[in-house]
Structures are given as C-alpha cells and as structure tokens.
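Notes follow once the structure below has been shown.
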Amino acid sequence: MTPRREIVASVRALDAGSSFGRSVSMVVRGGDFLFVSSLAAVDPHSGEHVRGTTASETRQILTNLEHLLEAAGSSLDKVVKVNVLLHTMLEAPNMNEVYARFFPEPPPARTVCGARLPDGAKVIIECTALA
Amino acid sequence: MTEKLSRSVVQPRNPRLNVSRNANLPHVPGIRIGDYIFLSGMGPIDPQTGERNHGPITEQIRTTLRNMQHMLESAGSSLERVVRVHVVLADISDMPEMERVYREFFPIDPPARTAWSMQLRFGNGCEIECVALAT
Amino acid sequence: MREVIAAPLPGLDLRQHYGHHQSPAIRAGGLIFCSGMLPVDPETGERRHGTLTSEAHVIFGNLKLLLESAGSSLDRLVQVHALIYDSIEYDVLNRVYRQYVANGPPARTVWTAQIEAGFKVQLDVIAAT
C-alpha cells in the first residue's frame, strides 16, 4: 500500500508558506509520521515574527507547535524527535527551562545545537510526530 | 514486537554523483528503510564532471536540487514524495536567492523545511538533505 | 504508538544528570529516534572531554549500548547527523567514524555547529529496529 503523503491543513497565520511567500508546508504527513517544518517565534494571529529573548521565543514557538499538532490531529505527547537550533548554546538552559514545561512525560528525543539562524531568530524548532 | 524493516542502499544511476564512493567516505548516498528514503547531505556537484560547481548560489542550489531529484528517481521516488528538507547555507544572506530557486523544484505542496547557516566544507555554498517516501 | 527507550546505564540518562528534558531514544514506526549522543561516561554521566577522536569513541560506545538495549545495533543506523565543532576536523571524524560503520554505513550529513559544553562532536542518529 502506498504510504500517504499529504499537506496537513494548518492554523492559517502559522502557515508561513502563504504568510511569507516561502515554498514550505508547515506540517506534512508521510506514512505514519508528521514532519513539521522549523518554527520561529511568530504571532499566531498576524504571522509576524515576534522577537524577544530565547526563552520568550521558545515559549511562542512551542505554543504555536501545540496548536499546529492539534489541528493536524496529533499532539505534543506524540512527538518522537525534536531538533532545536539556537543562535548560541549559552542560551540552552533558558530554552530548556521553558521547553520542559511544554512536553509531557515522557518527553521526545531531542538534539540541540548552535548555528546561524535566519531573520535574527534566537531559536528555531523542528520536530517529527506520530500522525 | 514489530517486524524488522528491510534496509537497503540508495545509489545514483549517474556514478559521478556517488560522492560516498568516489571520495571514499564512510557513508552511502541514501538508505531506504521501510516506507522512507533518507538521503545524505548533497552539495553542488557537476553531474557531467563529478567536480564541485562553485558558481553563484542560485546555480549551486539548482545543481544540488537537480542532483537530489536524480538520486530520488534512481531509487524509484521523486521530489513530489519528499516530506522533509534541510537546507544549510554557508551564508545566511543567501536565503532569498535560495528561496527563488527552491520553489522551482517544489512548486506545489512543498515538503516541510528547515533552513539555516553553518560553516560548510570545500567552499560549498549549500548542502541539502532530505527524507522522502520511497513509493 | 511511541515507546521510550530508557537509558541502559545510569550515565546515559542526561535528564537526570543535566536536566535535559528528553528521553534517550523513542521507538516509533519501526524506527528509533535517538537524542543527540554526547561523550559522557555511560556509568557516571561525567563529561569526557578530549580530542575529537576520543570523544567520538565514547559516543559510539554509548550509541552501541543504547541501540543494543533496544534490540537494534550500529549496523541498523539509517541516518546520522554528525555534529562537529569545526570543519577542520572533518578527516579526523571520518577516521574514527568509519571504524564503527564498516558493515554498511548509513546516510550522513555533517553539521559544523556549536555543541553543548564545548564538546567537539555529537551524533544525532536514527536507527531501524
């Protein structure tokens, strides 16, 4: 049986593909999994980037992620793997403190590293979840 | 207990794009596992010569994505079956130009994507990796 | 359904030692998604800073323990993100890396990234069950 691939209808303002003219789908179903694009801190009503501290951006991202997953019929507790990219690893503890409040027990697998991020973002987060 | 998925190697039909073999590196161009294909990161290799193509970033992205298309098609998949892409740029300011070329390859229902910048080897301007459905 | 792969040895529980909000690995859909593996002592969890080579040996040893405890193995790796702190050590990475993936290496992308605690290398892997 051919595994399903579909673009999952997402929360409108979080659909960065349409908001910013980027060729990206925020949530893609492929087989058993949902592949979620990286999220930067955006206002869920306007789709505008919201700049703050690493902690506040993490909070915005994970709030948006929770809504995206639920709209896709999934949830934070179905996330299997998260990749967190930070503008500096010095901010990892601040990110982690916020992150720990979102993911219920037991948390997904995760990798965190530092890199140069687009649009001045302090943090971006991508994940894979069970559909 | 779930049955073990079968694991096999993905190779490009064009041997010049088999960087793993040509450069004697400890990886393979891709792995097929169950429903999925995981490709190794690809750079701007000229499919005619096997050499790195270091033109403007738009050409590098185009070359890399064409090579990725070839790799997927060699495995019986396609760009339309891609579910996740990682685009790494040597220079973060190349994002708009990357975007312009990228959309040529994923015009409809594009995959999930994360794009960022890191130091890249060999003077490459980009490195692109993807996960696709095998069928 | 997703299933947590618990740390097979106490040192590999990075949550307990370092407060990282993550499980060592998650099994789902026939795959095992591992948290980025670091060069920590598998018994004590102490950081084992060293050369890229020595750190990579510790990481692979830890991955072997983790994957084998889950009924998998290094031979079942499908994708690796090899994070290194500086691309100048690319050849060094390859020299140690190839020792562990001789029986059919997986797909790989090397990321030159800033790694936790000043480590020189970290491996982010997906394996098949």
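The values are calculated or read from the model by the stated rules, or taken from the named source; none is laboratory data. Source: prediction; values computed, not measured. Glycine gets a Cβ as well: all are built from the backbone with ideal geometry, and neighbour counts include every protein chain shown.
Quick notes
- Counting only strands (runs of 3 or more DSSP E) wholly contained in the stretch B:36-123, the ones carrying 1 or more residues that are charged (D, E, K, R) occupy B:82-89, B:112-117.
- Each residue in the stretch B:100-119 was checked for being at the interface with another protein chain (Cβ under 7 Å from one of its Cβ atoms) and farther than 15 Å from A:Ser38 by Cα, and 6 of them qualify.
Per-residue answers, yes or no, for (1) at pLDDT 95 or above; (2) not aromatic (Phe, Trp, Tyr):
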{"site": "A:Ala16", "(1), (2)": "no, yes"}
{"site": "A:Phe35", "(1), (2)": "yes, no"}
{"site": "A:Glu48", "(1), (2)": "no, yes"}
{"site": "A:Thr53", "(1), (2)": "yes, yes"}
{"site": "A:Glu57", "(1), (2)": "yes, yes"}
{"site": "A:Ala100", "(1), (2)": "yes, yes"}
{"site": "A:Pro106", "(1), (2)": "yes, yes"}
{"site": "A:Ala109", "(1), (2)": "yes, yes"}
{"site": "A:Gly120", "(1), (2)": "yes, yes"}
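- Here the strands (runs of 3 or more DSSP E) wholly within the stretch A:45-131 that include at least 3 residues being within 8 Å of chain C (Cβ to nearest Cβ) and under 22 Å from B:Ala112 (Cα atoms) are A:79-86, A:109-114.
- Complete set of residues in the stretch B:15-35 that are of a type in the set (Gly, Ala, Ser), within 30 Å of C:Gly30 (Cα to Cα) and either under 11 Å from the mean Cα position of the chain (by Cα) or part of a loop (DSSP other than H, G, I, E, B) (or both): B:Gly30, B:Gly34
- All of (1) farther than 30 Å from C:Arg27 by Cα; (2) surrounded by 22 or more Cβ atoms within 10 Å (Cβ to Cβ); (3) not small (Gly, Ala, Ser) hold for B:Asp91 with one exception: (2).
- Residue in the stretch C:94-103 that is under 25 Å from C:Pro8 (Cα atoms) and buried (at least 22 other Cβ atoms within 10 Å of the Cβ) present: yes
Let's see how each residue does on (1) more than 12 Å from B:Ala75 (Cα to Cα); (2) buried (at least 23 other Cβ atoms within 10 Å of the Cβ); (3) more than 8 Å from chain C (Cβ to nearest Cβ); (4) in contact (Cβ under 8 Å) with a residue 40 or more places away in the chain:
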position	(1), (2), (3), (4)
B:Lys4	yes, no, no, no
B:Arg7	yes, no, no, no
B:Arg13	no, no, yes, yes
B:Arg16	yes, no, yes, no
B:Val19	yes, no, yes, no
B:Ala23	yes, no, yes, no
B:Met42	yes, yes, yes, yes
B:Pro47	yes, no, yes, no
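- Checked against (1) more than 10 Å from chain C (Cβ to nearest Cβ); (2) surrounded by fewer than 22 Cβ atoms within 10 Å (Cβ to Cβ); (3) at pLDDT 95 or above, B:Asn53 meets all criteria but (3).
- Extreme residue, surrounded by the most Cβ atoms within 10 Å (Cβ to Cβ), among residues of the stretch B:25-40 that are of a type outside the set (A, V, I, L, M) and more than 7 Å from chain C (Cβ to nearest Cβ): B:Tyr36
- Inspection of the stretch B:60-69 finds no residue satisfying the criterion of being facing chain A (nearest Cβ under 9 Å), touching a Pro at 6+ places or on another chain (Cβ under 9 Å), modelled with pLDDT of 95 or more and buried (at least 22 other Cβ atoms within 10 Å of the Cβ).
- Residue in the stretch B:71-84 that is buried (at least 16 other Cβ atoms within 10 Å of the Cβ), in contact (Cβ under 8 Å) with a residue 24 or more places away in the chain, among the polar types (S, T, N, Q) and in contact with a helix residue (DSSP H, G or I) (Cβ under 8 Å, 6 or more places away or on another chain) present: no
- Single residue of the stretch C:1-56 satisfying the filter (touching a His at 6+ places or on another chain (Cβ under 9 Å) and within 13 Å of another protein chain (Cβ to nearest Cβ)) that is nearest to A:Ala131 (Cα to Cα): C:Ser35
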